[in-house]
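Enquirer: Please see the structure below; I have some questions.
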Amino acid sequence: MNTVAAKVQQGGGAEGQAAEEWRRPDGRAADELRPLRLEVGVLENAEGSAYGEQGRGKILVAVYGPTEVHPRHMEHVDRLTMLCRYHMAPFSTEERRRPQPTRRDIELSKVIREALEAAVLTERFPRSMLKIFIEVLEAAGGTRCLGITLASLALANAGIPMRDLVVGCAAGKYKGRIVLDLSEEEDKEGEADMAVAIMPSLNRIVLLQMDGELTREEFFQALDLAIEGCRRIHKMQVEAIKRKLQEGLALTPPTEEKE
Amino acid sequence: MSQPSTPSERILVVPGDQLPVTAAKIDHETIFRENEQYYSTVVGLFEQRQNRANVVRLFGPYTPKVGDVVVGIIIDEVLLGWKVDINAARPALLPFTNVPSRSKLSIGDVIVAEVADYGVSRGVVLNMREKRARTGRRKTRRRQTKKTRTKGRRLGRVTRGFLVAIQPSKLPRLIGRGGSMISAIKRGLNRDIIVGENGYLVLRTESLRKRQIFERIIRIIEAQAHTTGLTERVIKLLSESLSSFSLEHSSGESATGRGSGGASR
Amino acid sequence: MSLTPVLPRINKLREQEIRTALRQGIRIDGRGFDEYRSIQVTTGVVSQAEGSANALIGGTRVMAGVKIGLATPYSDQPNMGVLIVNAEFVPLASPTFEPGPPDENAIELARVIDRGIRSSKVILLEEYAPLPGKRVYVFFIDIYVLDHLGNLLDTAALASIAALYTAKIPKVEVVGDEVSLNRSVTESIRTSALPITVTVAKVFDHLLVDPNLEEELLAEARIAITTTERDTICAVQKMGSGAFTRQEIEECVELAFKCRPKIEEALRLAIGHA
């Protein structure tokens, strides 16, 4: 009952007022991101790792390798074999999930791998394998995008050469408006959802998935909004790397001490 | 051209950052070119000197170079030789022909060898013979005299000591300018240290306590590699831990497991 | 878990040939960049299924069957019929297909088609819940790939839509809390859209619709865009380990709408909604 009342209010308010005063269920403006926190180098064992929180969402990513390829027949003689596993913890959602990978997990593992492969200089590591593990500890909408953002941080942390960082952000349509970074609720009730990942410096789109229904105009509005969101998150990615380098003290800049 | 070349300036960069490259020689491991623009592929410090541009990595694995002296662990025996873990993307091959006949090797042995040949697709070939490698290239000796750390270093099997790994990107800091840091540590511990350029180190001691101190120092160097005054701090720490060492030692403290080695990055 | 696939290699001479031809504006099989191979759809090919179709784009052949039953609805959608799309890449269709449960490619294909159908409301699932929360219709669309010569997705989408559109849906009989299907009385689908999927491949920086097998192997990336007759976009999926520019995405969307009429015509011809 409460939610219905809230919705009516929202709808009534939106009609009468200027667009910038319209607020989303969580109080955000249409082009506002949820609070986002990114951290680099959080695990001991992995060659590279990253942790992030976006709204309620919590994701941990680890990168192992490069190592030899297993299974052997997946070896590429001229490039890197990348393994990517996107997985949601059984306790990450309202109802317990079975720990076995779902069809969604399998699809997302594939599109995330492909998005990251666009950036990694795979030809530098023939006959080698790199493993990327993305564990969603708590789901809250937009996990594939945050997963990609974190995976690229973990890859940078592992020293894997890349053309660019990769950063993901979602956009969509909720109650007739194009909005940035959908929450779980907006995702469920919205009219359309679009996941985008880009290489921000090279200006390339490496992941694009959409469902729901959008006119051509709305489609590009959403795409441009998602790209704008990616650019903002990219700045936070760079800051997270710099924070990691400064960690363990040293406010002094690197100097000419070496040789 | 508009960018004045300031050879000593080092800029912190991340993958995808555009680099103001003016140098003619470019390190293609760390710099990538597209549409006449240069970008960093790694997190590191961009520098240009003597007409050469590169990014000194701050994160990352060991990238082999011909002539490197590395510490390796034998992990398998294959048709033509030994497979050796050298902390790189793939194991190296140590052909039987590059092993001195007196050396009896087996799986699990720790060895010191030289990178005789390296190709991105064929991988690393090692040599353990003191005199020039059979399968190697001609110029392998050149780098040997470059630094004190490898001078007079004997290739071969390591029969005693502790093996410790440092992040390869932090190795230059362990050496220090002109070898200052590593010599200080050797002096402080009064032990020899074999430094593999792949980041595997062997401290020649049987003292568990010295190993713990050494490992702690390594972790500190890793965490603080980009800071100034690190050598001084390490020397101070060494003398402190060694003095407390004699106390603890007399009070009969026994080291447990990996102990202080866990002092994290 | 997803691993970089090991794919058949194209020799350098052939690659050069394709590259040179594209630079001159020609595709290796003589088509224009925005031209589909011949499209052929036949329906009612399996009598045991409530709906079935065979779709051919060039030599690529995909069969789809629709089976209909009753089931308990999903707890979060108690008032809606259930739609389940599954794809089998049958080993007889390609030397690269292995027997076993659907791999990531089959799962991705099924899910993209599922989203296209769901988003555009090809089937009004809310009208298929005779006893909300208890018993609702369940529609299984099973996609069977029979010969793979490139662009499976568009072919599979065609077969699925054709099978669904021509499905004979049994009426329900409700007696108190008991619901059963009367298979002797059927009706046609209650629908609100006719989605068409167009795949565009980026090969040596050229955008080609309906890629054949070689073009697919050489493609840096592909994008599948599903459109409706309402001039809207209802599903998009970028595939492959490469990238697109914003400009290229715009061109791809343009191509998707441009190619739509020809495919729609072939589909309407088969389903008798001309």
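Since every read-out is calculated from the coordinates, none of them should be taken as a lab result. These figures come from a predicted structure and were not determined experimentally. Glycine gets a Cβ as well: all are built from the backbone with ideal geometry, and neighbour counts include every protein chain shown.
Enquirer: On the first, second and third principal axes, largest extent first, how far apart are the outermost C-alpha atoms of the protein assembly as shown in Å?
Expert: Result, largest extent first: 94, 63, 60 Å.
Enquirer: Right, next: Please give the average number of partner chain Cβ atoms lying within 10 Å of the Cβ of each residue in B:57-65, rounded to a whole number. Can you show the working numbers first?
Expert: Numbers: counts 2, 7, 13, 8, 8, 1, 3, 0, 0.
That average works out to 5.
Enquirer: For C:GLU126, what charge total do you get from the other residues with a beta carbon under 13 Å from its beta carbon, if Lys and Arg give +1 and Asp and Glu give -1?
Expert: Once all neighbours under 13 Å are counted, the net charge is +2.
Enquirer: Tally the DSSP beta bridges in region A:28-152 and give the antiparallel ones as a percent, rounded to 5.
Expert: 70 percent
Enquirer: Sticking with this one: What FRET efficiency comes out for the pair A:GLU191/B:THR228, r = Cβ-Cβ distance, R0 = 60 Å, nearest 0.05?
Expert: Between A:GLU191 and B:THR228 the formula returns 0.60.
Enquirer: Out of residues 5 or more away from A:GLU191 or on other chains, whose amide H comes under 5 Å of its own, with H placed 1.01 Å from N in the peptide plane?
Expert: A:LYS173, A:TYR174, A:LYS175, A:GLY176
Enquirer: At R0 = 22 Å, how high is the FRET efficiency between C:GLU173 and C:GLU126 if r is their beta carbon distance? Nearest 0.05 is fine.
Expert: Calculated transfer efficiency: 0.65.
Enquirer: Using the structure shown, select from B:LYS65/C:LYS12; A:LYS244/B:LYS65; C:LYS134/C:LYS171; A:LYS244/B:LYS186 the pairs with a Cα to Cα distance greater than 19 angstrom.
Expert: The answer is B:LYS65/C:LYS12; A:LYS244/B:LYS65; A:LYS244/B:LYS186.
Enquirer: Run the numbers for B:HIS28 and B:ARG49: contour at 0.36 nm per residue of separation, minus the present Cα-Cα distance, in nm.
Expert: Length difference between fully extended and current span is 6.0 nm.
Enquirer: Oh, and also: Across peptide A:75-84, what mean number of C-beta atoms from other chains lies inside 10 Å of a residue's C-beta?
Expert: Average neighbour count from other chains, rounded to a whole number: 3.
Enquirer: Also, I was wondering about something else. For the ranges C:111-117, B:237-243, what's the packing order if you count other beta-carbon atoms within 10 Å of each residue, average per peptide, and put the highest first?
Expert: Result, highest mean first: C:111-117, B:237-243.
Enquirer: Taking every residue in A:224-232, how many Cβ atoms of other protein chains lie within 10 Å of its Cβ, on average?
Expert: 0
Enquirer: Can you compute 3J(HN,Hα) from phi for each residue in region C:93-106, using the Karplus curve 6.51 cos²θ - 1.76 cosθ + 1.60 with θ = phi - 60°, rounded to whole Hz and x for Gly and Pro?
Expert: 8, 6, x, 8, 8, 10, x, x, x, x, 8, 4, 5, 5
Enquirer: Shifting gears a bit: Need one number: nm distance between label points at A:MET74 and B:ASP76, each 7 Å from Cα along Cα→Cβ, rounded to one decimal.
Expert: The two pseudo-label positions are separated by 1.6 nm.
Enquirer: In whole Å, largest first, what are the principal axis extents of the Cα atoms in region A:27-244?
Expert: Taking max minus min along each principal axis of the Cα atoms, region A:27-244 gives 50, 40, 35 Å.
Enquirer: Related question: Skipping prolines and chain starts, which residues have an amide H placed within reach, meaning under 5 Å, of the one on C:THR60, given they are 5 or more residues away or on another chain?
Expert: Residues meeting the amide H criterion: C:LEU149.
Enquirer: Let me ask something else about it. Once both labels are modelled 7 Å past Cα along the beta-carbon direction, what's the C:GLU251-C:ASP29 spacing in nm?
Expert: Each label point is offset 7 Å from its Cα along the Cβ direction, giving 2.1 nm.
Enquirer: With no solvent and one equal point scatterer per Cα, compute the Debye intensity ratio I(q)/I(0) for region B:162-252 at 0.20 Å⁻¹ and report its log10, rounded to two decimals.
Expert: -0.92
Enquirer: Which whole-Hz ³J(HN,Hα) couplings does region C:235-246 yield from phi under the Karplus relation 6.51 cos²θ - 1.76 cosθ + 1.60, θ = phi - 60°, glycine and proline marked x?
Expert: Ordered by residue, 3J(HN,Hα) equals 6, 9, 8, 8, 10, x, 8, x, 9, 10, 8, 4 Hz.
Enquirer: What does a probe at C:LYS134 reach in region C:146-175, counting residues whose amide N is under 19 Å from the point 7 Å along Cα→Cβ?
Expert: Correct set: C:171-175.
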